[in-house]
Amino acid sequence: MMRRGAAALLLAAVAVPLAWSVGGALMAGWNAAAWQALATDPQTLQALAMGLWTGLASTALAVAASAWLLSHSFTQPVWRRLVCWLSPLLAVPHAAFAIGLVALLSPSGWVLRALSPWATGFDAPPPWPTTQDPWGLGLIAALALKEIPFLLWVALAHLQRPDVARRLHQELRLAHSMGYGAQAAWWRVAWPQLWPRLGAPMLAVLAYSLTVVDMALVIGPTTPPTLAVLTWQWLQDADPATNAQGAAAAWALATVLGLCTALAWKLSQAPWWRHRWTRGVAPQNHSAQGRLPSAWQGPTGLHVLAGLYTAVLLALLVGSVWGHWPFPVLWPQSLSWAAWHSVLASSHTLWTTVWLALASSFAALVWTLAWLEWAPLRWQARARQLLYLPLVLPGVLWVVGLHRLSLAWGLDTQGAGLWLAHTLASLPYVLLALSGPYAGFDGRLRQIAATLGHGHWVFLLRIKWPLLRAALASSFAIGFAVSVAQYLPTLYVGAGRFATVTTEAVNLAAGGQRSLTAAYAWLQWLLPVLVFALAARLGRPRQWHGVSHRGHNRPLP
C-alpha cells in the first residue's frame, strides 16, 4: 500500500505540470479569429509544405540509415566500435551540429576551400545556396545526420539486453544454418522484432523534425521558412492577434503530426507491409553473402558517420580561433583567441548552463529511479504515453503550454521555473534510457539477498544500483545533454533573463560574429561530452583481484 501511495505521488509530481501545460497550450489555441487569420495568411501553405517535406524526408533518411547500419554491424566485429562511438555522437547538440555543418558547406566553407585550388578555380565564394537553400536540403541533411545516433542508441538499448542479445544470436545462427545469408536473416528475423520497439522513438524524431526551430534558424530555408519557424516568429510578436495566430499554428503542427502518425501506423498494419518483412526467401550461400557486409560495408558506414561528426567539430574548433582567412585559403593565416576571451568573460552564461543541466538531470534521474522501483508495472505501462508527451509534442506548442504554466504558478522569469521546464524535457530521455536496463535486471538477486537477511534498501544500495551504475551514469549524461540543448523553453520561460550557451550560439548564428558563434557552439558540445566521459569512467566494470594457488586473493600488479 505504501508503494502505491509513493507511486501515486511520483506520478502526480510529473502529471500535474504536464497536464497543466497541455491545457494551457489548448487554451492558447482556442481562438476562432486566430484560426481564420492562419487559414488566410499567404505564407501558411508554403511554410507547411516546406515543413512537411523537410520533416518527412529527414525522418525517412534517418530511419533507413540507422536500419542499414544496424543490419551491417550486429553480430559483426564493428558492433563494439559502434557501441563505443555512440556517446560522443549523442553529445553533439542539434544547434551546434547545424552551426558546424554550415561552416563546412557554406560558399566560404571548408568543402569549397578544399576543392577550389584544383577543381573549381574560384577566387571568391560563389553565390550558391548551399545553406539555407530554398529546397530545404541543408536542413534535411542536418536533421537526418543528427537523428541517426539517437535511433541507434534506442536500438542498442534493446539489443544489448542480455536476454534479447542471446536469443537473437541463436535465432540468427539458426537462420544462417538453414541457408539464409547474413542480410536475409537480419531483415527476416531481427528487424521485425526491433521495428515495434522503435515506434515511439521514430515518432519523437518525426515530431522534432517537423517542428524544429533552432536548427531551421541556422541552416533551414528562409523563403519560405518552415511552419515551425513561422510559428516561432508569430509567437514572438508583441501583437496579441499575431501571438494567437502563432498558437493556432502550433496546434496545426500538432494536428499534422497526428495525421502523419496515424497514416504511418495504418501502413505498418497493412498485410503487404508485414508480408514484406516476414515472407521467406530462397536460401542462398550464406558464406558468400555475409562476407561483404562484415568486410567493409559496416565499418565504412560507421566511419563515414564518425568522420562527418569529426569534420563538423573540427570546423567549429578552427572557426572559434580563426583570424584573417581569405578565400580560398584552406587554413587561416592568423589565429585569434578573442572569441574565447569573450566566452570566458561571460562566466554567468556558462554557470547558468551547468547548474541547470546538473539540477534537471539529477532530478530526472532520481524521479526515474523511484518510479521504476516503486510503481507497479501496470502503472508504468499506462503512464508511459503521458510521460513521453514532451518527446512527441511539437516544440513550439510545448513551450506555449510551459509559458502558461510558469505564468499561472508564478515561476515566469524565475530559476525554479526554468529548472522545472528543463527537468520535464530531460525526464522522458532519462526514463527511456533506464527502462531497458531496469527491466533486464535479474530479479533472482533480490531473492538471494532476502535469504541472506538483507532488507530492500540494502539490496538497492549494495547490489542493484551498483550493478546498474553504468546505466545510471549514462542516463544522467543523456539528461545533462538534453538540458544543455534546450533553446525554446529557456527563451520562453526565462523571458530572456537567463542566457545559456545554446541560446547564445543560436542567437549569434543569425549575426556576423562567426568566431564567437563557433566558440559557443563548441562549448555547447564540450560540456555534454565531458559528462559522457565521466559517466563512461564511472560505469566501467570493477577489476577483481586474482586468486592465487593458495586460495587467497592476490593483488594485481
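The values are calculated or read from the model by the stated rules, or taken from the named source; none is laboratory data. Keep in mind it's a predicted model, so treat the numbers as computed, not measured. All Cβ positions, glycine included, derive from the backbone under ideal geometry; neighbour counts span all protein chains shown. The accessibility values were calculated without ligands, DNA or RNA, using every heavy atom of the protein model including side chains. Shrake-Rupley method; radii C 1.70, N 1.55, O 1.52, S 1.80 Å.
What the table below lists for this structure:
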{"read-out": "Residue list for segment 412-444, filter: in a helix (DSSP H, G or I), at pLDDT below 85 and out of contact with any helix residue (DSSP H, G or I) (no Cβ under 6 Å at 6 or more places or on another chain)", "value": "Ala439, Arg444"}
{"read-out": "Unique match (being farther than 16 Å from Thr349 by Cα, within 18 Å of the chain's Cα centre (by Cα) and outside any loop (DSSP other than H, G, I, E, B)) among Ser483, Ser474", "value": "Ser474"}
{"read-out": "Condition broken by Ser71, with the remaining ones in (1) of a type in the set (S, T, N, Q); (2) touching a Pro at 6+ places or on another chain (Cβ under 7 Å); (3) open to solvent by less than 20 Å² (accessible area, probe 1.4 Å) satisfied", "value": "(2)"}
{"read-out": "Selection count, segment 143-170, where residues are within 16 Å of Leu70 (Cα to Cα) and open to solvent by 60 Å² or more (accessible area, probe 1.4 Å)", "value": "2"}
{"read-out": "Unique residue being at negative phi, modelled with pLDDT under 75 and open to solvent by less than 100 Å² (accessible area, probe 1.4 Å) when the list is Gly539, Gly512", "value": "Gly512"}
{"read-out": "Near pairs, Cβ below 8 angstrom, 6+ apart or cross-chain, from segment 467-491 (more than 22 Å from Pro437 (Cα to Cα)) to any residue that is open to solvent by 10 Å² or more (accessible area, probe 1.4 Å) and assigned to a loop (DSSP other than H, G, I, E, B)", "value": "Thr490/Phe498"}
{"read-out": "Members of segment 444-468 that are within 27 Å of Leu386 (Cα to Cα) and open to solvent by 40 Å² or more (accessible area, probe 1.4 Å)", "value": "Trp465"}
{"read-out": "Residue within segment 95-109 that is open to solvent by less than 10 Å² (accessible area, probe 1.4 Å) and touching a Phe, Trp or Tyr at 6+ places or on another chain (Cβ under 7 Å) present", "value": "yes"}
{"read-out": "Residue, farthest from Leu508 (Cα to Cα), within segment 325-361, restricted to residues that are open to solvent by 40 Å² or more (accessible area, probe 1.4 Å), assigned to a helix (DSSP H, G or I) and in contact (Cβ under 8 Å) with a residue 40 or more places away in the chain", "value": "Leu358"}
{"read-out": "Of the criteria (1) assigned to a helix (DSSP H, G or I); (2) in contact with a His (Cβ under 7 Å, 6 or more places away or on another chain); (3) open to solvent by 20 Å² or more (accessible area, probe 1.4 Å), which one Tyr180 fails", "value": "(1)"}
